[in-house]
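*Asks:* One structure, pasted below without further comment.
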């Protein structure tokens, strides 16, 4: 292993561990009030979070030792099964198997609650890498680009009807990165992005109230007439109230019933309140190191499959951080998006650690 490759792996592992530790501290403090109110113990969510991390780390380690053949063989099953799970949320919507949460039917309850769209993105990355590396899809031709776009559009169209606009945008962002990493022509990517923006605007207008209300709310900075705008304003207040150095660990005031979903969708705001600008900047720097090292490993992959898979896995992590950060800072309308490796949430945690394990495995194979 070259010095640069070795450094990239160490940076990836080190930044991941550091972010997980920050996440444990953040979930512990952000969930304490809600946990005590709902369960009678202020550590219930923290204990669950730690269990999810351990499961994710086990999956991370296991996949880091698997061969490329294993991932190739897993591509179709992961994509198809996760896609069927997304369809199941629509078929069984508003039942005990697919309950409506915050106006959306995203979750599938099979005794263990999962978010199928998280898995379908990873399945899309694997399948794209498989088809491109086998030569089944010529990514330099526009018809090849259309095949990859279609694989992403199928689950994206389904999540629109959940409705889950952020999940749709998430998947399409990953798709664009996959096209770029795979070597699609820049002109083709521009055409795809332009068409998607036009289709997205049309979909929002056609679907109506749910998405439009959130977009309108994001522009209503001086009123709290809508719940979505209330969340946006409270997130801004929380994020900004920490000042330069923060109030101190466990000293958040906004988590005590003022900021909804403090331990999931708005955990960065709580970190900003308790750790201030310094703490938030340190966390974002760790994410930057994680992304940089991960993309470096993908760039040095020995095979096209590993390069596309590594780039796509990194894009899954990057998109989650981007959307969560922009929501918490009020740059885009409120949408449910946990902060990767930090927020409480089982499916997100496991899939994100699977992505990291996949990239670590690529680094190992690249030295053979």
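*Asks:* Would you list 350, 24 from fewest to most Cβ contacts within 10 Å?
*Replies:* Arranged by neighbour count, lowest to highest, 350, 24 become 24, 350.
*Asks:* Give me the distance between the Cα centres of segment 268-313 and segment 1-70, rounded to whole Å.
*Replies:* 14 Å
*Asks:* Cα axis of helix 186-207 to longest principal axis of the chain: angle in degrees, 0 to 90, nearest 10?
*Replies:* That helix lies at roughly 40 degrees to the long axis.
*Asks:* Per Stokes-Einstein, at 20 °C and 1.002 mPa s, what whole-number D in µm² s⁻¹ belongs to segment 27-67, with the Kirkwood radius over Cα pairs as the hydrodynamic radius?
*Replies:* Estimated via Stokes-Einstein, D reaches 189 µm²/s.
*Asks:* Going highest first, how would you order 91-104, 120-133 by mean Cβ packing within 10 Å?
*Replies:* The densest-packed peptide leads the list: 120-133, 91-104.
*Asks:* Subtract the Cα-Cα distance of residue 61 and residue 96 from 0.36 nm times their separation in residues, and report this length gain in nm to one decimal.
*Replies:* Length gained, residue 61 through residue 96: 9.2 nm.
*Asks:* Which order do 258, 305 fall in if you start with the one that has the fewest other Cβ atoms within 10 Å?
*Replies:* The fewest-first ordering by Cβ neighbours comes to 258, 305.
*Asks:* Quick check: the angle from helix 165-182's long axis to the longest principal axis of the chain, C-alpha only, nearest 10 degrees?
*Replies:* Helix 165-182 sits roughly 30 degrees off the main axis of the chain.
*Asks:* Moving to a separate point now. Calculate how steeply helix 227-241 sits against the longest principal axis of the alpha-carbon atoms of the chain, using the helix alpha-carbon long axis, and give the answer as 0 to 90 degrees to the nearest 10.
*Replies:* So the helix axis and the longest Cα principal axis differ by about 80 degrees.
*Asks:* Something else: Most exposed first by the Cβ proxy, i.e. fewest other Cβ within 10 Å, how do 76, 296, 344 rank?
*Replies:* 76, 296, 344
*Asks:* I'd like the Kirkwood hydrodynamic radius of the chain, using the inverse of the mean 1/r over distinct C-alpha pairs, in Å.
*Replies:* Hydrodynamic radius (Kirkwood, Cα pairs) of the chain is 21.0 Å.
*Asks:* Still on this model: What percent of all Cα-Cα pairs in segment 71-149 falls into each 5 Å bin, going from 0 up to the bin containing the maximum distance?
*Replies:* 3, 16, 20, 17, 14, 11, 9, 6, 2, 0
*Asks:* What 222 nm value per residue comes from the helices of the chain, counting each DSSP H run with n ≥ 4 as -39,500 (n - 2.57) and dividing by all residues, nearest 500 deg cm²/dmol?
*Replies:* Helix contribution divided over all residues of the chain: -24500 deg cm²/dmol.
*Asks:* Using the C-alpha atoms of segment 240-368, what convex hull volume per residue, in cubic angstrom, is computed?
*Replies:* Residue-normalised Cα hull volume stands at 108 Å³.
Here, each number is a calculation from the coordinates, and none is a lab measurement. This one's a predicted model, so the numbers in the text were calculated from it and none came from an experiment. Note that we place each Cβ from the backbone using ideal geometry, even for glycine, and neighbour counts take in every protein chain shown.
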